[in-house]
1. Look through region 3-31, keep the residues that are under 15 Å from Thr49 (Cα atoms) and of a type in the set (Ser, Thr, Tyr), and return whichever of them is farthest from the chain's Cα centre (by Cα).
2. Having 3 or more residues that are in contact with a helix residue (DSSP H, G or I) (Cβ under 7 Å, 6 or more places away or on another chain) and at pLDDT 95 or above is the bar; report the helices (runs of 4 or more DSSP H) wholly within region 23-66 that clear it.
3. Of all residues in region 38-47, which are open to solvent by 80 Å² or more (accessible area, probe 1.4 Å) and either of a type in the set (Lys, Arg) or over 13 Å from Gly4 (Cα atoms) (or both)?
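The values are calculated or read from the model by the stated rules, or taken from the named source; none is laboratory data. Note that this is a predicted model, so its numbers are computed, not measured. So basically every Cβ, Gly included, is an ideal-geometry build from the backbone, and we count neighbours across all protein chains shown. The accessibility values were calculated without ligands, DNA or RNA, using every heavy atom of the protein model including side chains. Shrake-Rupley method; radii C 1.70, N 1.55, O 1.52, S 1.80 Å.
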Amino acid sequence: MSLGEQLRQARQKAQLSLRDLSARAGISIAKLSKVENGLATLRHPELLTLAEALAVPATALLAPPTPVP
C-alpha cells in the first residue's frame with residue numbers, strides 16, 4: 001500500500017475531510033490530495049505533522065498494515 005493510500009485510509013478512519021486535515025496540519029488541501037493520489041510526496045517534517053494531526057505514529061503512514069490471521 002502506498003503512502004497516499006495509507007494517508008487516505010488514516011484520514012478516513014479519523015473521519016476527517018481533506019479540509020479538516022489541512023486545517024489541523026497546516027498543509028494545503030491541494031498538496032494532501034496530490035499525495036493521496038500519488039502525484040506528490042511528503043517531506044519528513046510534513047509526514048510527522050500529518051501523523052500528529054491524525055493521532056497515529058508516523059510509521060503507520062509508511063508501513064503496510066499488518067494482516068490479522
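1. Ser28
2. The helices (runs of 4 or more DSSP H) meeting that bar are 29-36, 44-54.
3. Within region 38-47, Arg43, His44 meet the criteria.
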